[in-house]
Each structure stands twice: as structure tokens, then as C-alpha cells.
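J.: The structure is given below, and queries will be raised subsequently.
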Amino acid sequence: MTDSTGQRRYGDGVAVVTVTYSPGEMLERFVDTLAKSTTRQVRVLLADNGSTDGAPELAAERDGVSLLQMGSNLGYGAAANKAVAALDDTVGWVVVANPDLEWEADALDQLLDAAQRWPRGGAFGPLITGQDGGVYPSARSLPSMSSGIGHGLFGRVWPGNPWTRAYLQHGDRVTERPAGWLSGSCLLLRREAFDSVRGFDPRYFMYFEDVDLGDRLGRAGWLNIYVPSAQVMHLGGHATMRDSRLMLVAHHASAYRYLADRHRGWRWKPVLAIVRLGLAVRLRLACR
């Protein structure tokens, strides 16, 4: 539906989109725990990138869960975009989340409540823990050229370096606040905001699509809001562990694309050449 200006308008329905790629039994835990995270009626749409384990088909037998086959592995952002586009206009709120999550009680309702407190909020992210209880730095500042290089060079060997601390926002209070970007492993998106920036950039096959989205939402006048009262637990990347070397390659390629997109022109070419070389060396070391 559209308003008098021709702008598309949405209802207040909620849908959850999860991109699957042979997710295994973790998908069942995702759907099971989602039910306790909200009192609202929620539709679940599985955007499948070519699973071979039968898990998405099994999950789609449940009430309220449907399966959308991508036909091939499109990557995370492109698959999420297609799934969001398939939703009808009654859905004004979309969660895009990894299938390897467990939802804590009331987590989705906490995100939706925060959305009412922040009318210019375009994306809302929960506090994410690992299975060991540690808190993942899911609300970060946008990487600059200097912080990106510093974090890339020293993040592993000197975790407390100033560039990494600034990028991960170490020292910031665990409180509801705007952030530069939020982890794409679990995002509540105002569909109007998502549409305004045309969703995820499909050029990012995997990694940095969430950084890029957060940056573009901010440039369009929306806020990325960290909501630690909402909590989810990350069980671990089943697909990424299976293809760890390919994921490292994708991560480094996406990091370069993000910086290159934002530093155009001849004056940046020597710097970007050094960045490309540094990323290649870092990738080789990481793949050993």
C-alpha cells in the first residue's frame, strides 16, 4: 500500500528472516526459542542458499514457518534482500538473524519496545553472548581508514591497542544507545528504513554487509540502536566453521571493498594498494 505521495507504507506486523546454508539442528533451537522471545504473532521466512542437510525443509513443516529457495548460494545480504522483498505490506518490522542463535525470554519484545522509544531508529540490535557467557562486541563504531588498519594489524597480537578499543567501543557502558553499526547476526529493522537504503549491498557476499548497512542507514538519517535489555546467545557458525578458509577469504575481500568504497580518487590509490597488500599478508598468516 502507498500513501498520497506514492511512498510505500507498511503495517505493524513482524517477520523473522533467517538465511540458511545447511544449518543443522541449530535451526530447530532457533525456531523453538523464538517462540519465548515475543508475545506477538511472528512469521518466519527461511531464505535458503542451497542447503543439503534437509534442516530448512524440516523446519518449514512447522506452523508459521515458510521456505524460500534462492536457487544457489547468493550470499547473506542478497538472500536476506530477496526474502524481505517477498513479504507483504502488512509487515513493517523485519528481523534478519543467523540460524545459529538462541533467543532469550522477551528478547524480541524488548527490541520492539525500544523501537517505540527511538522513532528515528532504523536498526536495533540485542546484546549477544557466546556459549561461555562472554559478551560479543556487537555494537561498534564505524571503521575509519586509520582504525581499520590499526585493528587489522594489531587486533590479534595486541588486543588492547587503541585502534581496536575504539573500533569495538571497549569501555562504553552496556546501555541502550546509538552505535555506528550493529552485528548482522541479529537485527530488528524498520522496513521503511531498510527500503530507504535499498537493503543490504549484494556485492558483499559475506561479512561487512552489516557494517555497510549501518553506515548507509546513518547517512540516510536513521539511527542504529544497541538494546542490551534484549539478549540472544550465539551458538557458533556451523557453515563458517565448515568452510573456514573460504570465509576468511570473503572477510578480507569485504574489508577491502568497504574501505575502497569510501576512499575514492587518485590520492587514495597508494594507501589502498598498501591496504590490499596488508590484507593479503594477514590472510596468508590466518590461513596457516
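Each reported figure results from applying straightforward, stated rules to the coordinates on display, with no laboratory input. Computed from a predicted structure; not experimentally measured. Note that each Cβ is placed from the backbone with ideal geometry, even for glycine, and that neighbours are counted across all protein chains shown.
J.: Can you pull the percent of Cα pairs in the range 79-134 with separation above 12 Å?
T.: 74
J.: Let me ask something else about it. Counting C-alpha atoms alone, how compact is the range 47-113: give Rg to one decimal and Dmax as a whole number, in angstrom.
T.: Rg, Dmax (Cα atoms, Å): 13.2, 37.
J.: Only counting other Cβ atoms within 10 Å, I'd like TRP103, TRP268, TRP222 sorted with the fewest neighbours first.
T.: Going from least to most buried by this count: TRP268, TRP222, TRP103.
J.: What is the order of ILE274, ILE128, fewest Cβ neighbours within 10 Å to most?
T.: The order, fewest Cβ neighbours first, is ILE274, ILE128.
J.: Which whole-Hz ³J(HN,Hα) couplings does the range 113-128 yield from phi under the Karplus relation 6.51 cos²θ - 1.76 cosθ + 1.60, θ = phi - 60°, glycine and proline marked x?
T.: Values per residue, Gly and Pro as x: 5, 4, 4, 6, 7, 10, x, 9, x, x, 9, 10, x, x, 6, 10 Hz.
J.: Here is a further query. Does the range 1-116 come out rounded, prolate or oblate by the C-alpha gyration tensor, with a ≥ b ≥ c the root eigenvalues, rounded set by a/c under 1.5 and, if not, prolate when a/b is larger than b/c and oblate if not?
T.: oblate
J.: Sort 19-28, 80-89 for me by packing, meaning the mean count of neighbouring Cβ atoms within 10 Å per residue, highest on top.
T.: 19-28, 80-89
J.: Arranged by the count of other C-beta atoms within 10 angstrom, fewest first, what order do TRP93, TRP266 take?
T.: Ordered from fewest to most neighbouring Cβ atoms within 10 Å, TRP93, TRP266 come out as TRP266, TRP93.
J.: Report ³J(HN,Hα) in whole Hz for each residue of the range 60-72, in order, from the Karplus equation J = 6.51 cos²θ - 1.76 cosθ + 1.60 where θ = phi - 60°; Gly and Pro get x.
T.: 5, 6, 7, 5, x, 10, 10, 10, 10, 7, 7, x, 6
J.: Residue by residue, what Karplus-based ³J(HN,Hα) values in Hz, rounded to whole numbers, does the range 189-204 have, using 6.51, -1.76 and 1.60 with θ = phi - 60° and x for Gly and Pro?
T.: Each residue's phi maps through the Karplus curve to give 10, 6, 4, 4, 5, 4, 5, 5, 10, 6, x, 5, 7, x, 5, 8 Hz.
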